[in-house]
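The values are calculated or read from the model by the stated rules, or taken from the named source; none is laboratory data. Remember, it's a predicted structure, so these values are computed and weren't measured experimentally. Here the Cβ is made from the backbone with ideal geometry for all residues, glycine too, and neighbour counts use every protein chain on show.
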Amino acid sequence: MTRTDKMKLGTFVYTFGFHPASWLHPASDVHGANDFSHLLDVAKRSEAAKLDFMFMADSPAAAVGDPDALARVPTKMNRFEPLSLLAALAVTTEKLGLVATVSTSYYEPYNVARLFASIDHLSHGRVCWNVVTSDHDETGYNFNREGLDPHALRYERGNEFVDVVFGLWDSFEDGALLLDRESGVYYDKTKHHTLNHKGKHFQVRGPLNIARSPQGRPVIAQAGGSEPGMDMAARTAEIVFSLASNIERNRAFYENVKARMPAFGRNPDDLKIMPGVVLNVGETEAEAQAKVNYLIDKMHPDVGRLMLSEFLEADLRGVPLNEPFPMDRLPTEPKGSRALFEELTDFVKSGRTVGELVRHYAEKHTGNGITGTPTQIADFMEEWFDTRAADGFILMFPTLPSSLDDFVKLVLPELRRRGLFREEYEGETLRENLGLSVPTNRFAKAQTTG
């Protein structure tokens with residue numbers, strides 16, 4: 001069936017870019033990690049291109065590992081707290097969606113509900129919460145835990161956490177604010193509701209002390225390829241970030257998650273599957289490859305080992321680059337995403353040396369790296385979109401803002417020529433631009449059905 005909707009596109013933001021050597025690129029702002037003007041510039045360029053959103057990935061902990069390598073990789077070692085950044089971007093942008101990661105393992109539901117509702121009002125309805133349960137030991141040590149809680153417990157807590165936040169976002173019904181100066185009544189007390197949640201992990205009375213979000217509630221994003229992750233996505237998410245290593249595998253994931261949604265009373269059109277893709281574009285293949293080679297050549301070998309170590313959960317310090325990957329160092333069970341772990345272990349079983357794997361991974365990531373001309377990249381994106389392996393893409397630019405500029409200059413005109421991407425924003429809120437429905441307030445619904 002031919003699609004009539006448009007492709008959704010978001011900018012993935014690590015401060016300097018997705019590549020670990022991006023901060024060494026001469027076009028990068030070496031002071032950008034602590035300079036709001038740099039990230040505002042990325043946001044403004046994304047907004048001018050009519051991209052759907054800007055996504056701030058986050059972990060509330062400094063990375064751990066080889067200290068010599070970490071001293072060369074600033075991404076996780078010096079970064080803004082994401083909700084503070086979102087609040088600043090909310091009042092300095094106009095149409096761009098704003099997405100940030102906040103973990104259900106290390107916050108309280110009331111805090112998250114109030115923070116995101118506030119930023120949604122500040123932005124006039126453009127905020128999105130990327131729900132994660134966290135997957136690195138180092139985070140737990142900052143929050144009164146000895147490392148990471150078990151996977152099942154994190155998802156159990158995460159599901160209840162999201163339910164509580166949704167309930168708090170329904171505290172005020174639409175139209176609850178009367179603002180009647182003659183009567184002196186500010187809000188309709190019959191349209192302000194106490195949640196009174198008492199569950200296994202949380203006890204939250206409520207109500208939330210801020211009016212209903214301009215979007216009904218902020219948009220929800222999630223990533224997770226495990227069975228609990230896919231169920232959580234089908235039940236609660238409106239954007240799902242997925243891997244893009246293989247079109248058949250991603251098409252199966254797309255069908256799997258969306259097929260689960262009717263059981264939760266949801267329309268599959270209210271979920272956008274958006275794989276992450278690392279883009280290296282040039283006017284010629286040689287030019288695109290030269291951009292890749294430049295960054296790889298800038299990357300110190302210790303950084304390459306650290307990059308593989310982090311995603312494979314294996315300590316590769318001291319492993320010679322000219323020897324095969326030491327399979328005995330891989331864990332038998334992943335602490336984080338099972339889908340990502342399986343992709344990566346398939347990848348390293350090829351028998352190549354550690355150095356060859358580092359170089360391949362630096363360009364291709366887990367297979368989602370695309371290097372080529374505007375036509376080649378547009379062909380890739382169109383096939384995934386038309387065959388329903390994706391509803392759009394998270395654009396993981398190697399350097400910022402230069403790789404973003406390359407995409408806007410070279411690829412976007414081709415996507416627009418093919419009728420795949422918008423010329424102008426469709427609405428004012430992120431929900432409108434993503435084509436998502438506005439959720440019904442549970443208390444209003446109960447009165448209607450009761």
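Values as computed for the structure displayed
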item	result
The stretch 391-431: number of residues that are of a type in the set (Asp, Glu) and either without any contact (Cβ under 8 Å) to a residue 24 or more places away in the chain or part of a loop (DSSP other than H, G, I, E, B) (or both)	5
Residue within the stretch 375-397 that is crowded, with 18+ Cβ neighbours inside 10 Å and over 23 Å from the mean Cα position of the chain (by Cα) present	no
Total residues in the stretch 296-319, condition within 24 Å of the chain's Cα centre (by Cα) and either part of a helix (DSSP H, G or I) or surrounded by fewer than 18 Cβ atoms within 10 Å (Cβ to Cβ) (or both)	9
Exclusive hit being within 19 Å of the chain's Cα centre (by Cα), without any contact (Cβ under 8 Å) to a residue 60 or more places away in the chain and not in a loop (DSSP other than H, G, I, E, B), set Leu86, Leu153	Leu86
Leading residue by the ranking (nearest to Leu434 (Cα to Cα)) among those in the stretch 178-220 that are part of a strand (DSSP E or B) and among the β-branched types (Val, Ile, Thr)	Val219
Of all residues making up the stretch 201-226, the number that are without any contact (Cβ under 8 Å) to a residue 12 or more places away in the chain and of a type outside the set (S, T, N, Q)	1
Qualifying position, being of a type in the set (Asp, Glu) and without any contact (Cβ under 8 Å) to a residue 24 or more places away in the chain, among Asp41, Asp29	Asp29
Test: residue in the stretch 201-212 that is farther than 26 Å from Thr133 by Cα, surrounded by fewer than 13 Cβ atoms within 10 Å (Cβ to Cβ) and of a type outside the set (S, T, N, Q)	no
Complete set of residues in the stretch 102-137 that are modelled with pLDDT of 95 or more and hydroxyl-bearing (Ser, Thr, Tyr)	Tyr110, Ser118, Ser123
Hits in the stretch 236-253 (condition: surrounded by fewer than 19 Cβ atoms within 10 Å (Cβ to Cβ) and of a type in the set (Asp, Glu))	Glu248
The listed residue being hydroxyl-bearing (Ser, Thr, Tyr), under 27 Å from Ile394 (Cα atoms) and surrounded by 20 or more Cβ atoms within 10 Å (Cβ to Cβ), out of Ser123, Ser171	Ser123
Residues of the stretch 251-290 classified as of a type in the set (A, V, I, L, M), under 21 Å from Asn368 (Cβ atoms) and under 24 Å from the mean Cα position of the chain (by Cα), total	9
Filtered residue count, the stretch 48-76, keeping only those that are crowded, with 20+ Cβ neighbours inside 10 Å and part of a helix (DSSP H, G or I)	1
Residue tally, condition closer than 21 Å to Tyr361 by Cβ and of a type in the set (S, T, N, Q), over the stretch 1-27	2
Some residue of the stretch 257-268 being surrounded by fewer than 21 Cβ atoms within 10 Å (Cβ to Cβ), closer than 30 Å to Val408 by Cβ and touching a residue at least 12 places away in the same chain (Cβ under 8 Å)	no
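Residue-by-condition table, conditions (1) modelled with pLDDT of 95 or more; (2) touching a Gly at 6+ places or on another chain (Cβ under 8 Å); (3) among the small types (Gly, Ala, Ser):
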{"site": "Asp188", "(1), (2), (3)": "yes, yes, no"}
{"site": "Leu195", "(1), (2), (3)": "yes, yes, no"}
{"site": "Ile210", "(1), (2), (3)": "yes, no, no"}
{"site": "Ala223", "(1), (2), (3)": "no, yes, yes"}
{"site": "Val257", "(1), (2), (3)": "yes, no, no"}
